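Asks: Have a look at this one before I ask anything.
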Amino acid sequence: MGPSHPLDQRHALSVRLDAFTAAVSGPYRPFRGGRDEGYDFLSRDGQQALVLKFALHGVRDLHAAAIQLALQLLPRPGLWETPLGPGLRRAILVAYVGRISLGRIQEEWERVLGALHPDLPPRLAFVAVAVEGVATVPQNDEELGWLAHCARASLDPDARTRRRALQTMTWTEKAFDVWMVLLDAWLGREAPLLMSEIARRSRCSTPTVAATVRHLEERNEVSRTSARRAGLRALPRGSLGEILVLADHLRGTVRYVDGSGHRPDPEDLLRRVRAKAPASVAVGGVVAARHYVPAFDLNGLPRVDVTTLEQDASSWVARLDPALRPATPQERSPVLVVHHRRRGAPDEPPSPREPHPVASPAEVLLDLYDLRLTEQADDFVQVLRRKRDDHV
Amino acid sequence: MSDRLDPRLLFEMIAHDLPVELQPHVLVVGSLAAAYHFREVIHRDGIATKDADCVIHPAGALKECQAIATRLLSDGWRRLEDCSPRAQPEPVTELRAVRLNPPSTDAYFVELLAFPDVGQKEAVKWIPFELADGWYCLPSFRYLGLAGHDWKQAESGLHYAAPEMLALANLLAHPRVGTKEMSGEIGNRKLLRSAKDLGRVLALAWLTGRRGTEAWVPSWEEALRETFPEESSALSLSAGSGLRELLDDELALDQARHAVDVGLLAGKGVTTENLRVTGQRLLDDALQPLAERLGGRASS
């Protein structure tokens, strides 16, 4: 068989890029730095950059890519703006290296780092996808491990099945509800749930549950321990990224801004929510994160998030504060965010400290990502999982 | 040159110009008192008013008023152009209020107001009083009696009315928006008297903030009980009626916005929407609870 047509090659690259973009879109956004090849991504907190290479054909390519990566951490003399800049915490090379052995790749990577100024190597990282598997430098880095998982599923030209699964998942409200039940169960370290239990909690039909679980299983995000039980393998970052893009629609989110002309006062609003909101309203966001993780790393309260079973919250929102009105698309700093929840309440019940129910950890996690508190969200997951471990 | 003045400076000037022994009888009210109270947050250029409204207390202190006016005139204070005596105390509507510039500057003038009696029923009463050169009058605004509660003391030692009492006095003074216009223009515009005064209520509420206006309720309750013992219940029920009307009246509300935009809220960029929700908050957080506490039901 002869070489494939250039247009086919370009299309194949485009498919791989789309797949990778979708897989990392939760914590990373595309960032075109203007270089002659490759695509870059910047973490949503602006701290980490990815340089993506679809193919490294030999160690010379690797050397060049490593040097290019190191340059991202330095200012460009003579230019007003650098594409990424010296403020980055870390620059990560993600590359498909084909048949080059992973051992050789790691060796060459270390060799290049040794030639750099000593300040730079601790801020450089490498994710390699090869025919034989994946490797990260440094090893045992959770973020790099997750990127390797995303990269393998999307960059490996032979991973068509996984890519197809990534591309064809359609998120309906029902599928989302099933996913949230699975996420809450995983965050709570529950054993894999019976399909009937997922259906009960999500208020979805068994066929809907089965179809969603099957999709997630194809993406390697769900494992089925028996014909009737299913649970997430890990934090499903691939589907999480897709869901975050659609979250406002899937969660029926309405954002409210303060129309008084004053700086919003979320603490005061929270006091009013506790005093005046219907008893079924669950408090989420940062307040709930602190409930689950008292050492939650954030000062102050950026806004109030609540979830409610009511489709129309406008009447009680008006009672909370006549100054609240739905935000326009241009208004990016809501003081109150109301999410509509269809499935049953897995919330924590009211307590003396919190007179309203507390939204479930999965709701809170989505709130944190929506707040762009990516690092805190990741810590929230880790602490919650560890906490549940302690209780087991 | 800006015609605005720092309220701190105005208070210092008044304290310097007014004889010390008279100061305990003087309570500064109106926009100057409000501007001084919020001196840290209002426009850095200060306020546009030159009018220092001074209530002379206690109630019925006609002799004190005469003594103060006589002393000021003998110290070289100068009558404003429209402050001229009349030969007879009648008709009272022809009498002029006492409005005096201090000896050394035209930067401000004081206007003497009487502290109302508990039994005063008229919204405003003109009290004739005689000075050496003829007859003048002291306006006595019924609800300004509330300003005697919880008054504050400025750094200069002068007393001034608390913002919540100024707000309540203005709310009660305007149970309807009505049609009465100001005699002069404010910021090149003719305004309804109610729009100007209720606009000031909204400005005071806006500057105080929501947490602060909630705390007005117990002070209002106590002041109404003491000042209007027979009518406190009825007044608590009607205190929000003019404000409600204003919030429903686009034209009047825009006039209120204009008044505060050249007054206490200058430079804040406050819109009619901002004022409307500030008014709704005040109704929900302060006027409604006041009506429930004193009137036993929701306000009308």
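Asks: Can you tell me which of A:S260, A:S280 is over 26 Å from the mean Cα position of the chain (by Cα) and farther than 16 Å from A:H339 by Cβ?
Replies: Step by step, each of A:S260, A:S280 is checked, and only A:S260 is over 26 Å from the mean Cα position of the chain (by Cα) and farther than 16 Å from A:H339 by Cβ.
Asks: How do the helices (runs of 4 or more DSSP H) wholly within segment B:200-300 filter down when requiring 1 or more residues that are within 30 Å of B:K190 (Cα to Cα), in contact (Cβ under 8 Å) with a residue 12 or more places away in the chain and more than 19 Å from the chain's Cα centre (by Cα): which remain?
Replies: Helices (runs of 4 or more DSSP H) meeting the threshold: B:232-238, B:241-247, B:250-261, B:272-282.
Asks: Give just the number: which of (1) of a type outside the set (F, W, Y); (2) on the phi > 0 side of the Ramachandran plot; (3) open to solvent by less than 20 Å² (accessible area, probe 1.4 Å) does B:L171 not satisfy?
Replies: For B:L171, the exception is condition (2).
Asks: Let me ask something else about it. Would you list the helices (runs of 4 or more DSSP H) that sit entirely within segment A:205-314 and hold 2 or more residues that are closer than 16 Å to A:L373 by Cβ?
Replies: Once the helices (runs of 4 or more DSSP H) in segment A:205-314 are filtered for at least 2 residues that are closer than 16 Å to A:L373 by Cβ, what remains is A:237-250, A:285-292.
Asks: If A:R325 passes every condition in (1) in contact with a strand residue (DSSP E or B) (Cβ under 7 Å, 6 or more places away or on another chain); (2) crowded, with 22+ Cβ neighbours inside 10 Å but one, which one does it miss?
Replies: Every condition holds for A:R325 apart from (2).
Asks: Additional query: Among the helices (runs of 4 or more DSSP H) lying completely within segment A:116-200, list those that include at least 2 residues that are at pLDDT below 85 and touching a helix residue (DSSP H, G or I) at 6+ places or on another chain (Cβ under 6 Å).
Replies: Passing ranges, in order: A:142-155, A:160-168.
Asks: Checking A:R325 against (1) away from every other protein chain (no Cβ under 14 Å); (2) closer than 30 Å to B:T272 by Cα; (3) of a type in the set (K, R): exactly one of these is not met. Which one?
Replies: (1)
Asks: Now, a different point. Among what's in segment B:189-242 and is more than 25 Å from B:Y36 (Cβ to Cβ) and touching a His at 6+ places or on another chain (Cβ under 7 Å), pick the residue that is farthest from the other protein chains (Cβ to nearest Cβ).
Replies: Filtering first and then ranking leaves B:R189.
Let's see how each residue does on (1) among the polar types (S, T, N, Q); (2) under 18 Å from B:S31 (Cα atoms):
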site	(1), (2)
B:Q88	yes, no
B:T105	yes, no
B:L131	no, no
B:C137	no, no
B:F141	no, yes
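Asks: Can you find a residue in segment A:261-268 that is of a type in the set (D, E), away from every other protein chain (no Cβ under 11 Å), open to solvent by 60 Å² or more (accessible area, probe 1.4 Å) and touching a residue at least 12 places away in the same chain (Cβ under 8 Å)?
Replies: no
Asks: What is the residue count in segment B:52-66 for residues that are in a helix (DSSP H, G or I) and either free of Cβ contacts under 8 Å to residues at least 24 places away in the same chain or β-branched (V, I, T) (or both)?
Replies: Qualifying residue count, segment B:52-66: 1.
Asks: When you look at A:L309, is it surrounded by fewer than 23 Cβ atoms within 10 Å (Cβ to Cβ), in contact with a strand residue (DSSP E or B) (Cβ under 9 Å, 6 or more places away or on another chain) and within 12 Å of chain B (Cβ to nearest Cβ), yes or no?
Replies: no
Asks: Within segment B:173-202, how many residues turn out to be among the acidic types (D, E) and touching a strand residue (DSSP E or B) at 6+ places or on another chain (Cβ under 6 Å)?
Replies: Number satisfying all stated conditions: 1.
Asks: Of all the residues that make up segment B:4-42, how many are touching a Lys or Arg at 6+ places or on another chain (Cβ under 7 Å) and in a loop (DSSP other than H, G, I, E, B)?
Replies: 2
The values are calculated or read from the model by the stated rules, or taken from the named source; none is laboratory data. Everything numeric in this text was worked out from a predicted model, so none of it was measured. Cβ sites come from the backbone with ideal geometry, for glycine too, and all protein chains shown count toward neighbours. Protein only, heavy atoms only, side chains kept; ligands, DNA and RNA dropped before computing areas. Shrake-Rupley method; radii C 1.70, N 1.55, O 1.52, S 1.80 Å.
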